[in-house]
Structures are given as structure tokens and as C-alpha cells.
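In what follows, a single structure is set out as C-alpha cells and then discussed.
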Amino acid sequence: MLKIPPILHHDVSAVITKEKKTLFQMTEVFGSVVHVMFPHLVRKNVQAFRDVLVRHRLTGSIMYAVKANKSASMLEALRGLPCGVDVSSFYELCHVLAHGFIGDAIGISGPLKDRR
């Protein structure tokens with residue numbers, strides 16, 4: 001079987017390498033998966049996407065899928081960037097509104113929308 005190694009940003013790799021024992025201890029303490037957030041990297045990714053759009057003279061919007069990661073730290077990192085958020089539930093809509101996203105910065109997708 002072919003094994004393809006993950007491509008990790010050096011900050012992520014450093015945390016995995018330096019804090020491996022702590023990460024495993026956290027999963028034992030919490031009894032579940034632990035999500036480690038890197039908000040500064042999502043900011044870099046948005047800018048990289050924006051650079052591609054500008055370089056190739058493309059129109060389009062960059063939308064962060066809240067469904068994939070509802071972390072408040074990610075929403076805070078995205079606020080003020082040339083990026084919107086995509087929500088697929090009333091709860092997600094309330095969440096992004098509470099973090100300062102309004103109007104055209106919010107996309108709504110997914111099936112079966114709540115009337116609210």
C-alpha cells in the first residue's frame with residue numbers, strides 16, 4: 001500500500017514534535033479528540049488564496065466553511081480579512097453574527113434551511 005505523508009506547516013509539525021506527550025495526555029484527560037487551532041495559519045491561507053485571485057485576475061469570493069470548523073478562534077482570525085463565512089444552519093448563522101460577520105460576508109448553503 002502506498003503511503004503518502006501529510007504536508008504539514010512547520011508550526012504544526014513543531015507542535016506535534018515538541019508537544020506530542022502533552023497532546024496524548026490531553027486526549028486521555030478529556031476522553032476525546034483534541035483540536036489544536038492555528039488561527040495565524042488560516043489568515044496566511046486566506047491571503048494566499050487572495051494572491052492567486054489577484055495574480056490571475058480572477059473574480060470570486062473566499063468563503064470559510066463554518067460547518068468544517070466552528071472554532072471561535074478561527075472566526076476571530078478571519079474577521080477583517082477579504083474573506084466571508086459560509087453557514088448551513090441557524091446556529092452557525094447566530095455564531096458568525098456574534099463574531100462580527102454581516103451582510104455579504106455571510107453565505108448560506110446546504111439543504112433544509114430553518115425558516116428563522
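Of all lysines in the structure, the ones whose alpha carbon falls short of 22 Å from that of Lys44, not counting any fewer than 8 places away in one chain, are Lys67, Lys70. For Ile102, the solvent-accessible surface computed with a 1.4 Å probe is close to 120 Å², ligands and nucleic acids excluded.
Between Thr59 and Ala14, the contour length at 0.36 nm per residue exceeds the Cα-Cα span by 12.6 nm. Over the chain, what is the relative contact order in whole percent, taking alpha-carbon pairs under 8 Å and six or more residues apart? 20 percent. In the full protein context, the range 12-116 carries 70 Å² of accessible surface per residue, based on a 1.4 Å probe and ignoring ligands, DNA and RNA. Of the three principal axes defined by the Cα atoms of the chain, the extents in descending order read 44, 38, 33 Å. A cut-off of 5 Å between modelled amide H atoms, ignoring neighbours fewer than 5 places along the same chain, links Val85 with Tyr64, Ile106, Gly107.
Near Tyr91, once Lys and Arg are set to +1 and Asp and Glu to -1 for all other residues with Cβ below 15 Å from its Cβ, the sum equals +2. Extension gain for Tyr91 to Arg50 (0.36 nm times residue separation, less C-alpha to C-alpha distance): 12.0 nm.
The values are calculated or read from the model by the stated rules, or taken from the named source; none is laboratory data. Computed from a prediction, not measured in an experiment: that's the story for all the values here. Positions of Cβ are generated from backbone atoms using ideal geometry, with glycine treated the same way; all protein chains shown enter the neighbour counts. Surface accessibility is based on the protein's heavy atoms, side chains included, excluding ligands, DNA and RNA. Shrake-Rupley method; radii C 1.70, N 1.55, O 1.52, S 1.80 Å.
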